[in-house]
Every structure is written in structure tokens, then in C-alpha cells.
Amino acid sequence: MLIIVRHGRTEANASGLLLGRRLDPGLDDLGARQAGALARSLPTPARVISSPLFRTRQTAAALGQPVEVDERWVELDYGDLDGTPLRDVPADVWSAWRADPSWAPAGGESLVDLGTRVRAACAELVEEAARQDVVVVTHVSPVKAALAWALGVGDEVSWRAYVAPASITRIATGGPNPSLHAFNGCAHLDGLS
């Protein structure tokens, strides 16, 4: 199984900031407890892969296995919008972004570019994940790109999916096509606040 995990919560996430690559905060207290809950709920993986950013490496370390860093799992580059409160992103920017997955914020990356790198990373893990559990700890946008890969749909699906902090997505890779088994699983977080 290919198990895609979003990192635990950070103060920046909790305060509603658009959090990409330029800011690299660690997990807050709840995020650290979420990482522990993830570790208790997941099977012992054969391999753990992480984005290079601190919040993902912290979450991955909680799994107690060696962690490999793969740059392709890094968060979308929000460019000049990185660190902006979501409520302060201009309406015309949201409209342009949602209308065209090839649109990118100034100095940033498009959903199409993100999808290209995440699809390549997923494709490399197909055979291994068909034989054993592989966990990837990443961010909201790469989780959505992996969802699009699994479903065989375009990157515009990103705007129609919600990914909670420390959530689990499971993709089987043993058949002729990837098969989505679970998306945004959060039962392991019950009781945390």
C-alpha cells in the first residue's frame, strides 16, 4: 500500500496562513501529538519518505523508522503569496488560480507543475508499494496531486478536495491502475485537541 500522510499541525496552519516552502515552521504541540497518533495507527512501513521541510521530517520521525527525503514531495511553491493569510489573498487571484491549473502565483509553481513531479514520484513507488507498505509524509497540495494520480483525473481536482493535518490517504498499486482505498482518514486523531 502507498500510504500518503499530511504532516501534523503547525501554528501557521492553525492561524490560516498559506504555508508553502519559504516559511518552514515546526509542529506545534497538537501537531506533535498528531504525529504520535499517526505512528500508533499505521503499520510498520518498509520505507518512509518525506518532503525536505521541517514539519514533514518531524512527523516522519515519529514513525520510528529511517526517513528518506525526496524533494518531489515538497509543498507547492506559493511564491510571493507564501505566508499570506488566506483571507488576504485577493478574490481575482483565487479566481485565476481555480480557473487554470497551469496558473502560478508570482515567483511560484502551478498545480500542473506540482502534479508532474508528484505523479513521477508516485509512479516510481508503484512496484514497491504493491509488495509492502510505503509511507510518504508530505503536504496538502502533494496529497491532492497523489489523489489526482490515483483517480486518473486532472490537477483541477485539487480545488475539490480537503486534506486535514495528519490525515491518511491509502492507494493500492497492485492492479493495472492505482486504486484509492481511503482519503483524508482522521479516525486516529479522535480525542486530540
Point to revise | Of S50, S167, S41, the one that fluctuates the most in a GNM where the chain has Cα springs shorter than 10 Å | key: S41
**Study point:** Distance-filtered residues of region 176-193 - backbone nitrogen under 20 Å, label point 7 angstrom along D29 Cα→Cβ
**Key:** 189-193
Study note, to complete from the structure: Neighbours of D190 by Cβ distance under 13 Å: Lys/Arg at +1, Asp/Glu at -1, summed charge +2
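Over region 8-114, calculate the relative contact order: mean separation of alpha carbon pairs under 8 Å at least 6 apart, over the residue count, as a percent.
Details: 170 pairs, mean separation 30.5, N = 107.
The value is 28 percent.
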Point to revise | Heavy-atom SASA rank of Y78, Y162 (probe 1.4 Å, accessible area, largest first) | key: Y162, Y78
Review point. Per residue, how much accessible area does the chain show when a 1.4 Å probe rolls over the protein heavy atoms, in square angstrom?
Key: 44
Review point. At what distance in nm do the modelled label points of S102 and E128 sit from each other, each positioned 7 Å from its Cα along Cα→Cβ?
Key: 3.3
Practice item. Indicate, rounded to the nearest 5 percent, the antiparallel portion of the DSSP beta bridges found entirely in the chain. Key: 45
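Would you mind telling me the share, in percent, of accessible area of the chain contributed by carbon and sulfur at probe 1.4 angstrom? If you can, show how the numbers build up before the last one.
On the way: 4270 of 8470 Å².
Carbon and sulfur atoms account for 50 percent of the accessible area of the chain.
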Revision key, fill the gap. With x for Gly and Pro, the residue-by-residue ³J(HN,Hα) of region 173-186, computed from phi through the Karplus equation 6.51 cos²θ - 1.76 cosθ + 1.60 at θ = phi - 60° and given in whole Hz, is 10, x, x, x, 9, x, 9, 6, 9, 7, 9, 6, x, 9
Practice item. Please work out how much length the chain gains when fully extended from V69 to R119, using 0.36 nm per residue of separation minus the C-alpha to C-alpha distance, in nm with one decimal. Key: 16.3 nm
Review point. Tell me, what is the 1.4 Å probe accessible area of R98, in Å² to the nearest 10?
Key: 130
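So what is the relative contact order of the chain, in percent, for Cα pairs below 8 Å that sit 6 or more residues apart? Walk me through the numbers on the way to the answer.
Values: 410 pairs, mean separation 59.2, N = 193.
RCO, the chain: 31 percent.
The values are calculated or read from the model by the stated rules, or taken from the named source; none is laboratory data. Quick caveat, the model's predicted, so the values are computed rather than measured. So basically every Cβ, Gly included, is an ideal-geometry build from the backbone, and we count neighbours across all protein chains shown. Just so you know, the surface numbers come from the protein's heavy atoms only, side chains and all, with ligands and any DNA or RNA stripped out. Shrake-Rupley method; radii C 1.70, N 1.55, O 1.52, S 1.80 Å.
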